[in-house]
């Protein structure tokens, strides 16, 4: 058990909130608490590193602000953080073990964002999804019968439905019209740190619209081609939204039309490769884990070409104060981000996986493009012949002076 005299904060996300407050949240979702703290309390949090004692913190606080900080105030802050499971303590370790065991025992992956990122009640959710397709922002009502099976893959956002609904709809209108696939391989982004680059689960996904069955046979075909254990971080699926949102749109366009199955894959960070030289697949610095998984995925997609379609659930640039940038949003900045995004998306439209990764690496991912691993894997596995940009969009938040961009793309045989 860690000594509470030198408490240590877990990897907690912090971003600006209104009224000069800072919001603390657990990106790993062991805790669902949001804690709003003023700057002086946040300053104290920066010294909760397992090396500074309460007395050290008092000293640093007085040096910074010129005021005395009593030990009972520091202990009160520490207790509050511990109650939120934000510290590495016995309370957190016990809660983590319980959460992991519970998820492992569950037969399905339950909806985690119903009632927050989208409507929780079925009929309200159907209306919300219908609104995403409705003109003038949406593409119109999705087709009830596919006219071809030429679609190999789509890229869709994973921003919440209230902000990105129409952009989702453009991707899924194309699925409804151009895909006869029975299994959709969904490459979502994992927003938490994992031990493996890719994370599998065999659980079915449940939403307010019902249960989406995971294709166990296809999953077995994939895993038997791999030597690494890609189930190692399966718990990461529990609260990750990037696949859940794609399932909702699949359920919406296919309800009452036909059955489908999914193969859910979370893609974790490639930052250690981005910050090195070369390609994850093509250079002496290539990553054997990445190479093994992508080659296995590519083989499965080739063997099951008529039955499968790839989905990349990704967002693009993350710029602004919420993401660690000291800047003010302006029209010129948003235009510059769009220009850079479109330059990057051209590599995707050219189906140039290595060129796409090279661009990100040359930028040192300065725009925080969170979709990198999923896009890279999708481009290698899809083996597409042509492509189309369906929609590009940005969501700017004046409160946090931050912007997230996203797009809808289709890749065809």
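FYI, it's all coordinate maths here, none of it is from the lab. Treat the numbers as computed from the prediction; the structure is a model and nothing was measured. Please note: Cβ atoms are built from the backbone with ideal geometry, for glycine as well, and neighbour counts cover all protein chains shown.
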Completion exercise
Rounded to the nearest 5, the percent of DSSP beta bridges in the chain running antiparallel is 60 percent
Completion exercise
If one builds a Gaussian network model of the chain from Cα atoms under 10 Å apart, the most fluctuating residue listed among 332, 204, 393 is 332
Completion exercise
Quick P(r) readout (region 251-310; Cα-Cα; 10 Å bins; whole %) gives 17, 36, 27, 14, 5, 0
Handout entry: Top of 139, 373, 288 by mean-square fluctuation, Gaussian network on the chain, Cα under 10 Å
Key = 288
Exercise for the section: Return a whole-number percent for the relative contact order of region 210-349, with Cα pairs under 8 Å and 6 or more residues apart as the contact set. Expected result: 25 percent
Exercise for the section: Sort the following peptides by mean Cβ neighbour count (other Cβ atoms within 10 Å, averaged over residues), highest first: 305-317, 9-21, 52-64, 95-107. Expected result: 305-317, 52-64, 9-21, 95-107
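Based on other C-beta atoms within 10 Å, arrange 323, 249 from fewest to most.
323, 249
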Handout entry: Part-to-part distance (alpha-carbon centres) for region 101-138 and region 215-269, which is given in Å
Key = 16 Å
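Once you have the Cα-Cα distance between residue 330 and residue 399, take 0.36 nm times their residue separation minus that, and quote the gain in nm to one decimal.
Extending this stretch completely gives an extra 23.5 nm.
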Problem - Between helix 353-362 and the chain: long-axis angle, C-alpha atoms, 0 to 90°, nearest 10 - result: 20 degrees
Completion exercise
Most fluctuating of 222, 327, 270 in the GNM of the chain (C-alpha, under 10 Å) is 327
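Show that you can apply the helix-only estimate: for the chain, add -39,500 (n - 2.57) for every DSSP H stretch of four or more residues, divide by all residues, and state [θ] at 222 nm to the nearest 500.
Result for the chain: -12000 deg cm²/dmol, rounded to the nearest 500.
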Problem - Degrees separating the helix 54-65 axis from the principal Cα axis of the chain, which is the longest one - result: 90 degrees
Problem - Nearest-ten-degree value, helix 122-133 long axis tilted from longest Cα axis of the chain - result: 70 degrees
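So for the chain, averaging the separation of alpha carbon pairs under 8 Å that are six or more residues apart and normalising by length, what relative contact order in percent results?
18 percent
By how many nm would the segment from residue 143 to residue 211 grow when fully extended, if each residue of separation counts as 0.36 nm and the alpha-carbon distance is taken off?
22.3 nm
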Handout entry: Spherically averaged projected area in nm², based on the convex hull that wraps the Cα atoms of region 164-241
Key = 6.5 nm²
Handout entry: Percent of Cα pairs exceeding the 18 Å cut-off, where the set is region 13-101
Key = 48 percent
Handout entry: Per residue Cα convex hull volume in Å³ - calculated over region 204-345
Key = 182 Å³
Handout entry: Euclidean distance between Cα centres, region 314-382 to region 28-82, Å
Key = 35 Å
Fill in the blank from the handout: Fewest to most Cβ atoms within 10 Å: 380, 228 sort as 228, 380
Fill in the blank from the handout: Ordered by fewest other Cβ atoms within 10 Å, a rough proxy for footprinting exposure, 360, 274, 319 read 274, 360, 319
